[in-house]
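To start, the structure under review is shown below, and the notes come after it.
The values are calculated or read from the model by the stated rules, or taken from the named source; none is laboratory data. The model shown is predicted, which means the values in this text are computed figures rather than measured ones. In this analysis, Cβ positions are derived from the backbone assuming ideal geometry, glycine residues included, and neighbour counts consider all displayed protein chains.
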Amino acid sequence: MNDSVRWHRDTLGEKVVKALTKNNFTATYVQNRQEAAAMLLELIPPDATIGFGGSVTLNELAIIPQLEERGNPVGNYMKPGLSPQEVKAIRRQHLLADVYLSGTNAVTLDGELVNVDATGNRVGPMLYGPEKVFIVVGINKIVKDVAEAQSRVKLWASPPNNKRLGYPNPCAQTGVCVDCQGPTRICNITTIMHKKPRLTDVHVIVVGEELGL
Ligand code: SF4
């Protein structure tokens, strides 16, 4: 990475951290995924129960296997062989986890977090329930404002997520949103965290490299 790109990422990252802090979040900027994963491993107690939302960013940090390996009880609803009832039960337990981990679809320059969800199991525990929430966001998800965040989701996040998850929605063929109306649509809920939820301790880690979708 050349110096001007490094400078730009660091400057944008620090700017967003400042805005998030103004919005009452705890926020930290780190330059890369290794630093982000190390920070999470340091801040999460080794006996804390863990919930997490589906996230390419978390996959890229490989944080869930590391937490499992060191002994944290992880509510891993992605383990192969689980029945739909078992998946639902684990997701419900996430609401009572000590620590909940998630990515986010976008963060604005004003420090707002925007997410679009299909089921609500990802955004629900981000807002209320767990003792502590960590949200990891790559530099590619910084946007100007909420309108740009919503455009980003429809153009850059949802179509590849549909493809990744094998959903038969039209954007998985066209690459762009056509505002589908069928039962497999994944854009059902939009949350905007203008400020930190009153009773939830949320720490946002902004990472100076591209992560997630
Ligand atoms: S509304 Fe439908 S077509 Fe549009 S991005 Fe979401 S799932 Fe794809």
Need the failing condition index for Ala97 against (1) under 25 Å from Glu68 (Cα atoms); (2) under 10 Å from the mean Cα position of the chain (by Cα); (3) of a type in the set (Gly, Ala, Ser), just the number. (2)
Within the stretch 196-213, track down each residue that is of a type in the set (A, V, I, L, M, F, W, C) and surrounded by 18 or more Cβ atoms within 10 Å (Cβ to Cβ). Val202, Val204, Ile205, Val206, Val207, Leu211, Leu213
For the condition of a type in the set (Val, Ile, Thr), in contact with a helix residue (DSSP H, G or I) (Cβ under 8 Å, 6 or more places away or on another chain) and modelled with pLDDT of 95 or more, what is the one hit in Val99, Val114, Val123, Val87? Val114
Go through (1) within 24 Å of Pro84 (Cα to Cα); (2) in contact (Cβ under 8 Å) with a residue 60 or more places away in the chain; (3) crowded, with 21+ Cβ neighbours inside 10 Å and name the single condition Cys187 misses. (3)
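For every residue, the table says whether it meets (1) surrounded by fewer than 21 Cβ atoms within 10 Å (Cβ to Cβ); (2) closer than 23 Å to Gly51 by Cβ; (3) among the basic types (Lys, Arg).
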| residue | (1), (2), (3) |
| --- | --- |
| Thr108 | no, no, no |
| Gly111 | no, no, no |
| Ala118 | yes, yes, no |
| Tyr128 | yes, yes, no |
| Lys144 | yes, no, yes |
| Ala147 | yes, no, no |
| Lys154 | yes, no, yes |
| Ala157 | no, yes, no |
| Asn162 | no, no, no |
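Taking the stretch 77-104 as the search range and keeping residues that are among the polar types (S, T, N, Q) and over 21 Å from Leu213 (Cα atoms), which one is surrounded by the most Cβ atoms within 10 Å (Cβ to Cβ)?
In the first step, residues of the stretch 77-104 are kept if they are among the polar types (S, T, N, Q); the result is 83, 85, 93, 102, 104.
Subset that is over 21 Å from Leu213 (Cα atoms): 83, 85, 93.
On the way: Ser83: 8, Gln85: 8, Gln93: 15.
Here the residue is Gln93.
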For helices (runs of 4 or more DSSP H) lying entirely in the stretch 1-85, having 1 or more residues that are free of Cβ contacts under 8 Å to residues at least 60 places away in the same chain and closer than 19 Å to Leu101 by Cβ picks out 33-43, 56-61, 63-69
